[in-house]
Amino acid sequence: MLSAIFKAVFGTKSQRDVKRMLPLVAKINAIELELQKLSDDEIKAKTPEFKERLARGETLDDIMCEAFAVVKNTCRRLVGTEFEVCGQPMKWDMIPFDVQLMGGIALHRGNIAEMATGEGKTLVATLPLYLNALTGKNCQLVTVNDYLARRDSSWMGQIYTFLGLTVGCLQNMQPPDVRREQYACDITYGTNSEFGFDYLRDMGMASDKEELVQRDHYYAIIDEIDSILIDEARTPLIISGPVPMSDSQFEELQPKVASLYSSQNLLCSRLAREAKAVLEDENASPEAVDAAMIKLLQVKFGMPTHKQLLRILENGEIVRELEKVESRVRSDNNRGLLQEVQSELFFTIDEKTNEADLTARGRDAIAPGSPEDFIMPDLLEEIHRIDTDENLSPEQRTARRNQFQEEFSVKSERLHDLSQLLKAYCLFEKDVNYVVQDRKVMIVDEHTGRLMPGRRFSDGLHQALEAKERVPIEQETQTMATITIQNYFRLYKKLAGMTGTAETEAAEFHQIYKLDVIVIPTNKPCIRKDDNDSIFKTKREKFNAIVNDVEERHKLGQPVLLGTISVEDSEILSRMLKMRGIPHNVLNAKNHEHEAEIVARAGTPGSVTVATNMAGRGTDIKLAPGVAELGGLHVIGSSRHDSRRIDRQLRGRCSRQGDPGSSKFYVSLEDNLMRLFGSDRIVKIFDRFGLEEGDELQHPWLNKSIETAQRRVEQQHFSIRKRTLDFDDVMNKQREIIYQLRHDALVSDKPMDVLFGVVELAVGNEIQSCSAYGERRKDGVVFDAERLVAYLNDAFPLEFKVSDLTEGLEDGKLTSADKLTIQIVDRVEKAYVDSHADLPEEQLTYLVRHTVLEAIDRLWQEHLYAMDQLRSSMSLRVYAQKDPLVEYKHEAFGIFKSMMDQIYRDVAHNLFRVTITRLSSFDELLASMPQEMIHQTFEQFDGALPPGLPQMPEEEPEPEIPVTFHRETPKVGRNDPCPCGSGKKYKNCCGKHN
Ligand code: ADP
Ligand code: MG
């Protein structure tokens, strides 16, 4: 109420913002008037002049008006110029209107400019892009599809090239060197996925400085920002690749496991039957009952989901009894008993630990004559045996060792595959846990019962199921890099956006991106006529009414745009129109370029265009001569979309630039929106008034009621996006740290400092643990120097002795971990440099960089996998009434910390072990793996939250992740001021360990 009065007196915030821009607009126009007197060359000379003034300390804001005037004046000079855009001849005919200048100001200031369709946003963006590109940094414009990137970059390129700036355009599948050229331009157009995937490749996968393509995340303008940050942001960008695995042996093992399974099944059925007979016999002796319980236990070990067993266990008394027997059998001093119980089985399955193991009997059955094929040898023991074999020459030893390791990995793969197959047979039931469709194994969500297409069980289990069902076995893939759209765009120093429809989502833009929406008035007043919605009982009646509406208008020659929310609806309506003999075009947002052409013609007399709501977005519909007199373009919505924004978007396609036009939505009670979110009141009205077949309801009050339903869906979708983001924030921090370290290793001028910075951390960590584990005396803990020396000699071939450790130790106790660390790392570094003295500079640099990169890549991959697992396990905790996010943060922090420590440790350990050949073969392996870029799109109503999600408690502060690798200036003492400039001591700032 108060705010309404406030608005009436002072205007809305946007109106005030706009008012404040008016003097600037006047100033731009005045300057432009002067510029008209200059020659073309004098205008062109403005670009270097501006750059120079910026270099001399003027700011972008200082020169904004002049720069905008130069762009406006350039447009004026371009009028009449003919050129080609995407193969179509074009003629320049635009000089920015005042409202467009305002839009430009809003964009330069990092806002979202809401400007209706047809207001010329493409042109608006050139103003701030030109201005910001004067900094020499790469400025970017993000489009909704490749076609628009191509169209707009070459269309607006007229301005940029006239003024001496370069413009590039990203396209899907462009090779890296072409992409690099596009980023090298002053201004780059491209879709959000292209920008996002390039970032992931640069930061997470490049193995050479030369491979990087992006240069800045300085300023980006997102066109149709609602579509990109709201609709597309529901799924993250993922680069996935196959899991590097030795050849799996599922196909070969499957028949063997199948027969093993049926033998075990027979055995278990017999055991269960025998046990049941005894348990049902009231006169059975205690010994007989005990024997029967052992049999049940055998079934439980052998086939925990065996039907008969489960039936017997419906009796709670027997369950308790069985638990007692089990713990007796498992207890330590009954070792022999456990083996005896299991020996009759072919294999055992532990549901809790998810492990399946062959017994001796199973090995005999599966590989008669060579049971050792299925027994793991002791790796260390065997290697030790080879290493100490006096009869072998060093070369023979190496050969033997390699051969042994090869056999070992084949064998361990075989056992792993076997175990997964056993689980596939025993724990996973077809049509309960999974279904087979189109020769694919599809997971059934155990809680909702919904199919989860595209999802795969991990760790070979899915392949085992495929082998079991004898359908093609698909290559296992894993996430190699991933980021949400939201977090990608948060990287930018300055972000701006434009769209016809931002206002309904203004709160979200503010909350997540700190972007404010400024509504820019239209150039001419909008005179569109919006009819009330028509509501019908059934879809059939609704569709009939729509086709009648189209037919009527079509007869008069008025063009109609019929928007649908799904391809399916488009097809139904198209069939109905065909039956009535009404010619029309159908667009499904599949072929952007072709559809743009069709949409562009949607304003010609008598044309009927059926389009899903994304089709032809970004292309405006101009009215052909004579159409205005017929009432302009008529827009029909075949349903309300679940978001008001998309409906407004559809309406906005007519009545551009002051044209006449009209719009109307049709709704039925069978529409998803009404079924799932509509109010019962509407249904009641239908009943109360006894409305008949074909009757329709219309009332402004009903429009409101539908909007309420839409608001509910919007809310729900917002919480899904927020949730994705909350989860991704955890990953985001980790990703920043890893990518920063990776980037340093890749591009630092002093790669040696990065490497030994990491080694220092590894040694530091080890010293910490040696001081924690030492002998405890009254006067403190004695430093375990022996342990440290053992570690050092295992890691580095430098023959450290306890007596070498002189710094930071007094009287057997640790006084300065830093001094000790530095003493050790200095010696290691020196030895490293000496031992690589013959290596050419370039190769040494490669080695140094890649020693760090290899450890990061290997462990980060594993970490992503672990994080995936963690995330999927979180959906289960919802049911345990815990907040999954809090749990997730907590556990994610733990595994990240230990991964970082492992990276440090591995780098130190590999320091003297890796060779260039080994590293480059790892590189090649990575590069050779086919990658897939995934950015899924959602159908509406997909991915709704499961009902009854518990209320989320307030977020707890997260533990801080220690960022401790940077060492640009070598060897900062731990008490020195921190090089990051915080003013704190190094050990309390970037040098903090725990
Ligand atoms: P939006 O993206 O805002 O929907 P577009 O950038 O696609 O709009 O422009 C719509 C149409 O308006 C284009 O055909 C363009 O030529 C025209 N237009 C834009 N600005 C001007 C202008 N200042 N003067 C004349 N025509 C303009
Ligand atoms: Mg546009």
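Can you spot a residue in the stretch 233-242 that is in a helix (DSSP H, G or I), over 19 Å from the mean Cα position of the chain (by Cα) and at pLDDT below 95? Lay out the reasoning, then the answer.
Of the residues in the stretch 233-242, the ones in a helix (DSSP H, G or I) are 233-234.
With the extra rule that they be over 19 Å from the mean Cα position of the chain (by Cα), the set shrinks to none.
Scanning the stretch 233-242, I find no residue that is in a helix (DSSP H, G or I), over 19 Å from the mean Cα position of the chain (by Cα) and at pLDDT below 95, so the answer is no.
Inside the stretch 56-68, can you point out the residues that are among the small types (Gly, Ala, Ser) and loosely packed, with under 11 Cβ neighbours inside 10 Å? Scanning the stretch 56-68 gives a single hit, Gly57.
Kindly evaluate Gly80 against the criterion of being open to solvent by 10 Å² or more (accessible area, probe 1.4 Å) and either more than 16 Å from ligand 2 (Cβ to nearest atom) or more than 18 Å from Gly157 (Cβ to Cβ) (or both). In short, yes.
Within the stretch 616-637, being away from ligand 1 (no atom under 15 Å from the Cβ) and not in a helix (DSSP H, G or I) holds for Pro625, Gly626, Val627, Gly631, Gly632, His634, Ile636, Gly637.
Looking at this structure, is Thr845 of a type outside the set (A, V, I, L, M, F, W, C), in a helix (DSSP H, G or I) and either closer than 23 Å to Asp784 by Cα or free of Cβ contacts under 8 Å to residues at least 60 places away in the same chain (or both)? Answer is no for this residue.
Could you tell me whether the stretch 641-662 includes any residue that is within 16 Å of ligand 2 (Cβ to nearest atom) and in contact with a Leu (Cβ under 7 Å, 6 or more places away or on another chain)? Yes, the stretch 641-662 contains a residue that is within 16 Å of ligand 2 (Cβ to nearest atom) and in contact with a Leu (Cβ under 7 Å, 6 or more places away or on another chain).
For the stretch 486-507, which residues satisfy the criterion of being among the charged types (D, E, K, R), within 24 Å of the chain's Cα centre (by Cα) and modelled with pLDDT under 90? Listed by number, the list holds a single entry, Glu505.
Criterion first (in contact (Cβ under 8 Å) with a residue 40 or more places away in the chain, polar (S, T, N, Q), within 30 Å of Glu593 (Cα to Cα) and in a helix (DSSP H, G or I)) does Thr47 satisfy it?
Values: in contact (Cβ under 8 Å) with a residue 40 or more places away in the chain: yes; polar (S, T, N, Q): yes; within 30 Å of Glu593 (Cα to Cα): no; in a helix (DSSP H, G or I): yes.
It is false that Thr47 is in contact (Cβ under 8 Å) with a residue 40 or more places away in the chain, polar (S, T, N, Q), within 30 Å of Glu593 (Cα to Cα) and in a helix (DSSP H, G or I).
Comparison of Asp784, Asp811, Asp834 shows that the only residue that is farther than 22 Å from Thr851 by Cβ, surrounded by fewer than 17 Cβ atoms within 10 Å (Cβ to Cβ) and without any contact (Cβ under 8 Å) to a residue 60 or more places away in the chain is Asp811.
Within the stretch 504-519, can you find the residues that are acidic (Asp, Glu) and closer than 20 Å to Met614 by Cβ?
Answer for the stretch 504-519, where residues must be acidic (Asp, Glu) and closer than 20 Å to Met614 by Cβ: Glu505, Glu508.
Residues considered: Asp186, Asp216, Asp226. Of these, the only one that is buried (at least 24 other Cβ atoms within 10 Å of the Cβ) and of a type in the set (Asp, Glu) is Asp226.
Comparison of Arg653, Arg640, Arg648 shows that the only residue that is of a type in the set (Lys, Arg), touching a strand residue (DSSP E or B) at 6+ places or on another chain (Cβ under 7 Å) and more than 12 Å from ligand 1 (Cβ to nearest atom) is Arg640. The set of residues in the stretch 470-502 being in contact with a strand residue (DSSP E or B) (Cβ under 8 Å, 6 or more places away or on another chain), buried (at least 19 other Cβ atoms within 10 Å of the Cβ) and not in a loop (DSSP other than H, G, I, E, B) consists of Met480, Ala481, Thr482, Ile483, Ile485, Tyr488, Phe489, Leu495, Ala496, Gly497, Met498, Thr499.
A quick yes/no check of all residues on (1) modelled with pLDDT under 90; (2) among the aliphatic types (A, V, I, L, M); (3) under 22 Å from Arg363 (Cα atoms):
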position	(1), (2), (3)
Arg273	no, no, no
Val299	no, yes, yes
Met303	no, yes, yes
Leu313	yes, yes, no
Asn333	yes, no, no
Gly336	yes, no, yes
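The numbered conditions (1) open to solvent by 60 Å² or more (accessible area, probe 1.4 Å); (2) in a loop (DSSP other than H, G, I, E, B); (3) under 28 Å from Glu372 (Cβ atoms) are all true for Leu345 except (1). Of the residues making up the stretch 143-181, those that are farther than 21 Å from Asn591 by Cβ, open to solvent by less than 30 Å² (accessible area, probe 1.4 Å), out of contact with any Lys or Arg (no Cβ under 7 Å at 6 or more places or on another chain) and of a type outside the set (Phe, Trp, Tyr) are Met156, Gly157, Ile159, Leu165, Gly168, Arg179.
Residues checked against (1) touching a Ser or Thr at 6+ places or on another chain (Cβ under 8 Å); (2) surrounded by 20 or more Cβ atoms within 10 Å (Cβ to Cβ):
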residue: Gly690; (1), (2): no, no
residue: Ser719; (1), (2): no, no
residue: Ser748; (1), (2): no, yes
residue: Gly757; (1), (2): no, yes
residue: Leu761; (1), (2): yes, yes
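Here is the figure for the stretch 110-123: residues that are within 12 Å of ligand 1 (Cβ to nearest atom) and open to solvent by 10 Å² or more (accessible area, probe 1.4 Å) total 7. Met94 falls short on exactly one of the conditions (1) more than 15 Å from ligand 2 (Cβ to nearest atom); (2) over 26 Å from Tyr513 (Cα atoms), and that condition is (1). Among the residues of the stretch 88-109, is there at least one that is at negative phi, open to solvent by 30 Å² or more (accessible area, probe 1.4 Å), free of Cβ contacts under 8 Å to residues at least 12 places away in the same chain and part of a helix (DSSP H, G or I)? Looking for residues that are at negative phi, open to solvent by 30 Å² or more (accessible area, probe 1.4 Å), free of Cβ contacts under 8 Å to residues at least 12 places away in the same chain and part of a helix (DSSP H, G or I), one finds none in the stretch 88-109, hence no. Scanning the stretch 581-605 for residues that are part of a loop (DSSP other than H, G, I, E, B) and under 26 Å from Ala628 (Cα atoms) turns up Gly581, Ile582, Pro583, His584, Arg601, Ala602, Gly603, Thr604, Pro605.
Yes or no: Phe686 of a type outside the set (Asp, Glu), under 30 Å from Asp202 (Cα atoms), open to solvent by less than 20 Å² (accessible area, probe 1.4 Å) and modelled with pLDDT under 90?
Working: of a type outside the set (Asp, Glu): yes; under 30 Å from Asp202 (Cα atoms): no; open to solvent by less than 20 Å² (accessible area, probe 1.4 Å): yes; modelled with pLDDT under 90: yes.
For Phe686, the condition - of a type outside the set (Asp, Glu), under 30 Å from Asp202 (Cα atoms), open to solvent by less than 20 Å² (accessible area, probe 1.4 Å) and modelled with pLDDT under 90 - is not met.
Reported count of residues in the stretch 146-173, each being of a type in the set (Phe, Trp, Tyr), within 15 Å of ligand 2 (Cβ to nearest atom) and at pLDDT 95 or above, is 1. Scanning the stretch 570-585 for residues that are open to solvent by 60 Å² or more (accessible area, probe 1.4 Å) and under 41 Å from the mean Cα position of the chain (by Cα) yields a total of 3.
Of the residues making up the stretch 586-615, just one is away from ligand 1 (no atom under 16 Å from the Cβ), open to solvent by 20 Å² or more (accessible area, probe 1.4 Å) and β-branched (Val, Ile, Thr), namely Val586.
One residue is enough: does the stretch 736-748 have a residue meeting the conditions over 20 Å from the mean Cα position of the chain (by Cα) and more than 30 Å from Tyr791 (Cα to Cα)? Yes, the stretch 736-748 contains a residue that is over 20 Å from the mean Cα position of the chain (by Cα) and more than 30 Å from Tyr791 (Cα to Cα). Each residue in the stretch 719-769 was checked for being within 30 Å of Val781 (Cα to Cα) and either among the hydrophobic types (A, V, I, L, M, F, W, C) or in contact (Cβ under 8 Å) with a residue 24 or more places away in the chain (or both), and 13 pass.
The values are calculated or read from the model by the stated rules, or taken from the named source; none is laboratory data. For clarity, every value in this text was computed on a predicted model and none was experimentally measured. Glycine gets a Cβ as well: all are built from the backbone with ideal geometry, and neighbour counts include every protein chain shown. For the accessible areas, the whole protein counts, side chains as well, though only heavy atoms, and no ligand, DNA or RNA atoms are used. Shrake-Rupley method; radii C 1.70, N 1.55, O 1.52, S 1.80 Å.
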